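The values are calculated or read from the model by the stated rules, or taken from the named source; none is laboratory data. All figures in this text were calculated on a predicted structure; none of them were measured in a lab. Here the Cβ positions follow ideal geometry from the backbone for every residue, glycine too, while neighbour counts run over all protein chains shown.
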Amino acid sequence: MLLLIDYSSMLYRAYHSTPSTVPMNGVHGFLSSLARVLADRKPSGVAICCDDDWRPQFRVDALPMYKTHRVGDLPDPVTPQEALGREFLDALGLAVVGWPGYEAEDIVATLAHTHPREVIEILSGDRDLFDLVEDPRIRVLYPAKGGIQIVNESWITEKYGIPGRSYGDFALLRGDPSDGLPGVAGIGEKTAATLIARYGSLEGLQAASDLNPKIKAKLEASVAYLKAAAEVVMPVRNLPLPPRDLSLPEQPRNRQTVERITQEYSLGNAVQRFQKAVEELTILKARS
């Protein structure tokens, strides 16, 4: 099983859930969470998937409103930790993967697509990645109160009342305020779920001949929006990523960097938990 980690999403969660009195609290919390997930899920390989651009130009070109509410004058306090964390995780020997002009979700989607024979688990707090869920091969590990929620097709159906592989179409109709996407005017979450449940997909909905006239009018008024939003909401699955070794490291790639950052930011306990988890997985692999 490959574990694909949405680094940006999980780093922000770690930053906000780890006391600010902890040096480099986001990196510290991320590494501790990584150790727990490795011990619990026991993957054979890991990729740390990064935002090389948190607001890619191709998405802004499609919908200028994309993430406009997050653009401000104040510097993002997580940015320095993001860069340090990348350096540190790479030094530990993990595969840290990004691509110019794309978000972490696009890296995740491409790796899931280019490893078709592997079971994939995606650790992310971004619901956009629910679009990738595909039983029995791809599931999302979504942070929730008390632990991790395993998101598969049946969970999506139970949660939203839609077919398990239709989350992306549902999200297009409903919109996503966290990304500045309004959805189709006049169609909220309940109506979007009812429509997708009945017609199976956005394509099926748009082709239906028995639509309520009011719903039909709303869809027709939003044709341009839906076309543009599809480019924004759906993760890119075909980036030309070079082959990478995703296996867990038996030794650090750069021991000096690991020692320097560990000492400077008091990361010793988190590093020990990470190394213990990796050692246990290495022993488990040798026995299998």
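Numerical summary
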read-out: Subset of the stretch 255-267 that is surrounded by 15 or more Cβ atoms within 10 Å (Cβ to Cβ) and not aliphatic (A, V, I, L, M) - its residue that is farthest from S33 (Cα to Cα); value: T257
read-out: Only one of A192, A229, A270 that is in contact (Cβ under 8 Å) with a residue 12 or more places away in the chain, in contact with a Lys or Arg (Cβ under 6 Å, 6 or more places away or on another chain) and surrounded by 16 or more Cβ atoms within 10 Å (Cβ to Cβ); value: A192
read-out: The one condition in (1) in the same structural domain as S33 (by TED's automatic domain parsing); (2) touching a Pro at 6+ places or on another chain (Cβ under 7 Å) that G200 fails to fulfil; value: (1)
read-out: Considering residues of the stretch 152-189 that are of a type in the set (D, E, K, R) and touching a residue at least 12 places away in the same chain (Cβ under 8 Å) only, the residue surrounded by the fewest Cβ atoms within 10 Å (Cβ to Cβ); value: E189
read-out: Residues (closer than 18 Å to L281 by Cα and surrounded by 13 or more Cβ atoms within 10 Å (Cβ to Cβ)) located in the stretch 233-252; value: L246, S247, L248, P249, P252
read-out: Matching residues in the stretch 261-287 - criterion: being out of contact with any helix residue (DSSP H, G or I) (no Cβ under 9 Å at 6 or more places or on another chain) and either of a type in the set (V, I, T) or farther than 14 Å from H28 by Cβ (or both); value: E279, T282, I283, L284, K285, A286, R287
read-out: Residues within the stretch 34-72 that are assigned to a helix (DSSP H, G or I), of a type in the set (A, V, I, L, M) and buried (at least 22 other Cβ atoms within 10 Å of the Cβ), tallied; value: 1
read-out: Any chance G180 is in contact with a Ser or Thr (Cβ under 8 Å, 6 or more places away or on another chain), modelled with pLDDT under 95 and farther than 30 Å from V37 by Cα; value: yes
read-out: Of residues in the stretch 105-132 being out of contact with any Leu (no Cβ under 6 Å at 6 or more places or on another chain) and of a type in the set (S, T, N, Q), the one surrounded by the most Cβ atoms within 10 Å (Cβ to Cβ); value: S124
read-out: Qualifying residue in the stretch 37-49 (condition: over 22 Å from Q272 (Cα atoms), at pLDDT 95 or above and out of contact with any Lys or Arg (no Cβ under 6 Å at 6 or more places or on another chain)); value: yes
read-out: Residues (surrounded by 22 or more Cβ atoms within 10 Å (Cβ to Cβ) and assigned to a loop (DSSP other than H, G, I, E, B)) located in the stretch 1-33; value: M24
read-out: All helices (runs of 4 or more DSSP H) inside the stretch 213-287 with 1 or more residues being touching a strand residue (DSSP E or B) at 6+ places or on another chain (Cβ under 7 Å) and not assigned by TED's automatic domain parsing to the domain that holds L38; value: 223-233
read-out: Conditions (1) in contact with a strand residue (DSSP E or B) (Cβ under 8 Å, 6 or more places away or on another chain); (2) closer than 30 Å to G26 by Cβ; number of the one not met by E153; value: (2)
read-out: Members of the stretch 188-226 that are under 15 Å from A171 (Cβ atoms) and basic (K, R); value: K190
read-out: Scan of the stretch 57-107 for residues that are closer than 18 Å to V233 by Cα and of a type in the set (D, E), ordered by number; value: D61, E103, E105, D106
read-out: Residues of the stretch 73-84 satisfying the condition of being outside any loop (DSSP other than H, G, I, E, B) and out of contact with any helix residue (DSSP H, G or I) (no Cβ under 7 Å at 6 or more places or on another chain); value: T79, P80, A83
